[in-house]
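Quick notes on the structure that follows.
Throughout, read-outs are computed from the coordinates displayed, never taken from laboratory work. Treat the numbers as computed from the prediction; the structure is a model and nothing was measured. A quick note on method: Cβ atoms are made from the backbone with ideal geometry, for glycine too, and the neighbour counts reach across all protein chains shown.
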């Protein structure tokens, strides 16, 4: 396992539609439906059940699209006036769609009482992604790194390749691998989210974390030379999937 791109933190969180400390039951929607993900969410819910055995947990898993399918369900429930008690959501912009519309209740008191506001518990950047206008609205249950690159060491050894330290070096390596009869980049095709993540990671590698944040916060538009270079790299990558 090697990484040559800049760190990107993607938090998966539970969004608090309401505080359920005294409720007899609560509903939760999530998209962790397979393998280790299903085991992980089951463990979290089991821990809650052990702490509050009198509360009935109504789990509603929705598979597919890395949460895209589930978000469509959530929005339909909200529009129908029957939102779930809590649900899984990605940190940052995805969560802000709900907090900016005043659809979440803040859980700042919970963060403070549990001591989670300490940067020794959660890094400052993670806390920022869990909060909106000075209030906390979500709790991380997983922090994943999306901009990792995995490679087949046996193929690299056979072709005499080493993992490049620049993005241009990575791009230059792709035709060499293809010419040897291998598929250079494995890209999932079950949904467009995988392609979007490839673009995100490319932009992050080319522009760096500060530029990445500025672009996605609307401070930089797509005519920027760095974005144009990213698009060129991205188009090249898609020729080798």
Region 153-238 - Rg (one decimal) and Dmax (whole number), Cα, Å: 14.6, 45
Relative contact order %, the chain, counting alpha carbon pairs below 8 Å whose residues are six or more apart: 28 percent
FRET efficiency for residue 100 and residue 146, Cβ-Cβ distance as r, R0 = 35 Å, nearest 0.05? 0.90
Calculated Rg and Dmax of region 9-144 using C-alpha coordinates, Å: 14.3, 41
Computed curve, region 65-158, Cα-only Debye sum without solvent term, log₁₀ I(q)/I(0) at 0.13 Å⁻¹, is -0.56
What list of whole percents do you get for P(r) of region 161-203, with Cα-Cα distances grouped in 10 Å bins up to the one holding the largest distance? 24, 47, 28, 1
What list of whole percents do you get for P(r) of region 96-234, with Cα-Cα distances grouped in 10 Å bins up to the one holding the largest distance? 9, 28, 29, 21, 10, 3
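How much length is gained on full extension from residue 210 to residue 183, taking 0.36 nm per residue of separation minus their Cα-Cα distance?
Answer, rounded to one decimal: 6.5 nm.
Using just the Cα positions, wrap the chain in a convex hull and report its mean projected area in square nanometres, one decimal place. Don't skip to the answer; put the middle values down first.
Working: hull surface 61.4 nm².
For the Cα atoms of the chain, the hull's average projected area reads 15.4 nm².
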Applying 1/(1 + (r/R0)^6) with R0 = 30 Å to the Cβ-Cβ distance of residue 154 and residue 238, what FRET efficiency is obtained, to the nearest 0.05? 0.75
For region 189-241 and region 29-48, compute the distance between their C-alpha centroids and round to whole Å. 31 Å
